[in-house]
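The values are calculated or read from the model by the stated rules, or taken from the named source; none is laboratory data. These numbers come from a predicted model, not from an experiment. Here Cβ is always computed from backbone atoms with ideal geometry, including for glycine, and neighbour counts include all displayed protein chains.
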Amino acid sequence: MSGRLILAAGGTGGHIWPAISFGRWIAENKPDVSVSYICGSRPLELEIYAAAGIEPHCLNIDGSPFSGSGIERLKRAWGQVAALRESASFIRSESPDFVLLFGGYVTFPVLLASRMLKAPSAIHEQNAYAGKVTRIASLMGVEIYSGWRECLPLPASKYTRIGVPVREFDLLPREKAWSELGLPGELPDGPKVLVFSGSLGSASIKDLVLMTASKEEFSSWTFIIPAVSEETERVRENVFLLPKVWKTELLYSLADIAVVRGGGSTLTEVSVLDIPSLVIPWEGAADDHQYHNAVSFSSENRGVIWDGRGDGEAFAKNIMRLYDIHLDGKDNGKEKRHNSSGQICGDLWLAVSSYF
């Protein structure tokens, strides 16, 4: 089976990494299918693709026309018109068998161009509350693949649940992961907490960790916070700040429990790895989609949702509660019930393979 596939994804890692993960699965399992990528021009997007060794086709747009100031919206709206022409030109040159959209502002002109050129297309929605492009696509009759049981506000008849494609992680022995991350000294004893603050970062979560780590009952715990520092820093005896870490398997190899935002990609990663997680949805997320993700995640996984309101004491109680869940899972020998990352990608391929 041979063919051409275009994957369009931009904005944040929550859209881009699922596209990259699916593209890598295609390369490994369907080598006769060529994959090309479309993204926007934000530096973060280009940084993520570069870290994955991918050169995407970059549209000259950098944001949604639905956000920003009045002037910014006008500029972005005009940028969408130009991006529509550019998307159509790229689709003509590639002659794809299928165009799969992974959400974000960049996918709207690609959606319109694929419809204009009658190129078969579908959209994958990583969030339990569908984004604007997904909702528009549904009205246009485009097939929707959902990462979660729900894809609000769409009725169940309007989408197919697939799961969120995520990277395959080969976990390392903890001592080796500690060393490869460049963390000082030997691997400490005690619980290890991996703290993600989301691709936009969050000073508040870091502050909560620092307050909690100073408490006597957490003195034997280790907190690791990536993507919040230019270099590795030991800011307390048991708190380590790291720069961006692209080899995420090193981080997951250390984690007994995790603190995460409500992005669909990260939640799926901790789900397939069965890492108990405290989910703190970002309140600024469009349509409150991170909260809906958190609800879907916690209904099927070992998770706790916290709104982030309150002081370090509330955070500490939730962390302790989560660790009890972790210990309970170990004692009961619970087995993972959810799809592996490879199976999710395989299911997505089955959904689109009839076009090849």
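Observations
- Residues of the stretch 115-143 that are in contact (Cβ under 8 Å) with a residue 40 or more places away in the chain and part of a helix (DSSP H, G or I): Lys132 alone.
- Test: residue in the stretch 124-142 that is closer than 15 Å to Ile344 by Cα, aromatic (Phe, Trp, Tyr) and either modelled with pLDDT of 95 or more or not assigned by TED's automatic domain parsing to the domain that holds Gly13 (or both): no
- Residues in the stretch 248-256 include at least one that is among the acidic types (Asp, Glu) and outside the structural domain of Pro18 (by TED's automatic domain parsing).
- Gly103 vs. criteria modelled with pLDDT under 95 and surrounded by fewer than 18 Cβ atoms within 10 Å (Cβ to Cβ): no
Okay, residues lined up against (1) surrounded by 14 or more Cβ atoms within 10 Å (Cβ to Cβ); (2) assigned to a loop (DSSP other than H, G, I, E, B):
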{"site": "Gln80", "(1), (2)": "yes, no"}
{"site": "Leu84", "(1), (2)": "yes, no"}
{"site": "Ser89", "(1), (2)": "no, no"}
{"site": "Val110", "(1), (2)": "yes, no"}
{"site": "Pro165", "(1), (2)": "yes, yes"}
{"site": "Ala177", "(1), (2)": "yes, no"}
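- Filtered by the rule that a residue be among the hydroxyl-bearing types (Ser, Thr, Tyr) and out of contact with any Cys (no Cβ under 7 Å at 6 or more places or on another chain), the stretch 115-174 gives Ser121, Tyr129, Thr134, Ser138, Tyr145, Ser146, Ser157, Thr160.
- Hey, His326 in contact with an Asp or Glu (Cβ under 7 Å, 6 or more places away or on another chain), on the phi < 0 side of the Ramachandran plot, outside the structural domain of Lys118 (by TED's automatic domain parsing) and not β-branched (Val, Ile, Thr) or not: yes
- Only one of the numbered conditions (1) surrounded by fewer than 24 Cβ atoms within 10 Å (Cβ to Cβ); (2) modelled with pLDDT of 95 or more; (3) among the polar types (S, T, N, Q) is violated by Ser229, and that is (2).
- Those residues of the stretch 280-304 which are within 17 Å of Leu152 (Cβ to Cβ), in contact with a Leu (Cβ under 8 Å, 6 or more places away or on another chain) and among the hydrophobic types (A, V, I, L, M, F, W, C), in sequence order: Ala294, Phe297
- Restricted to the stretch 27-39, and to residues there that are of a type outside the set (Lys, Arg) and touching a helix residue (DSSP H, G or I) at 6+ places or on another chain (Cβ under 8 Å), the residue that is surrounded by the fewest Cβ atoms within 10 Å (Cβ to Cβ) is Asn29.
- The condition of being over 14 Å from the mean Cα position of the chain (by Cα), surrounded by fewer than 19 Cβ atoms within 10 Å (Cβ to Cβ) and not polar (S, T, N, Q) holds for only one of Leu194, Leu278, Leu251, Leu210, that being Leu210.
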